[in-house]
Amino acid sequence: MKLDMSKSELDDRIAILRKSIADLTAQATGVAGAASEELLASRIEEQQSLLDELIKQREAMEEKAG
């Protein structure tokens with residue numbers, strides 16, 4: 001993942017990840033079967049981890065800006 005993003009790029013990426021997590025969560029409510037549920041849970045966890053990382057980057061950027 002690109003680490004030298006602008007605030008605007010971070011905000012766009014954060015919005016995309018939030019939508020992705022919402023879509024995956026909605027999809028998870030409609031699936032049956034342990035394998036499918038496990039796969040979706042794994043994808044949600046991965047997306048959430050990326051989202052958390054980007055939010056930390058944005059917060060650090062905002063602290064630097066003052």
- Query: For the chain, what is the charge dipole size about the Cα centre, in debye to the nearest 20, if Lys and Arg each add +1 at the Cβ and Asp and Glu each add -1 at the Cβ?
  - Reply: 160 debye
- Message: Working only with C-alpha atoms, what are the Rg and Dmax values of the chain, expressed in angstrom?
- Response: 14.5, 49
- Message: With a 1.4 Å probe and all protein chains left in place, how much of the accessible area of segment 27-66 comes from carbon and sulfur atoms, in whole percent?
- Response: 49 percent
- Query: Taking the chain as a Gaussian network, where each spring joins two C-alpha atoms under 10 Å apart, which residue of Leu40, Leu17, Leu51 fluctuates the most?
  - Reply: Leu40
- Item | Charge-dipole axis of the chain as Lys and Arg at +1 and Asp and Glu at -1 on Cβ define it, positive-most pick from Ala65, Gln47, Gln27 | Ala65
- Task: Give the relative contact order (percent, whole number) for the chain; include only Cα pairs under 8 Å separated by 6+ residues.
- Result: 46 percent
- Message: With a 1.4 Å probe and all protein chains left in place, how much accessible area per residue does the chain have, in Å²?
- Response: 71 Å²
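The values are calculated or read from the model by the stated rules, or taken from the named source; none is laboratory data. Computed from a prediction, not measured in an experiment: that's the story for all the values here. So basically every Cβ, Gly included, is an ideal-geometry build from the backbone, and we count neighbours across all protein chains shown. Calculation scope for accessible area: heavy atoms of the full protein, side chains included, ligands and nucleic acids excluded. Shrake-Rupley method; radii C 1.70, N 1.55, O 1.52, S 1.80 Å.
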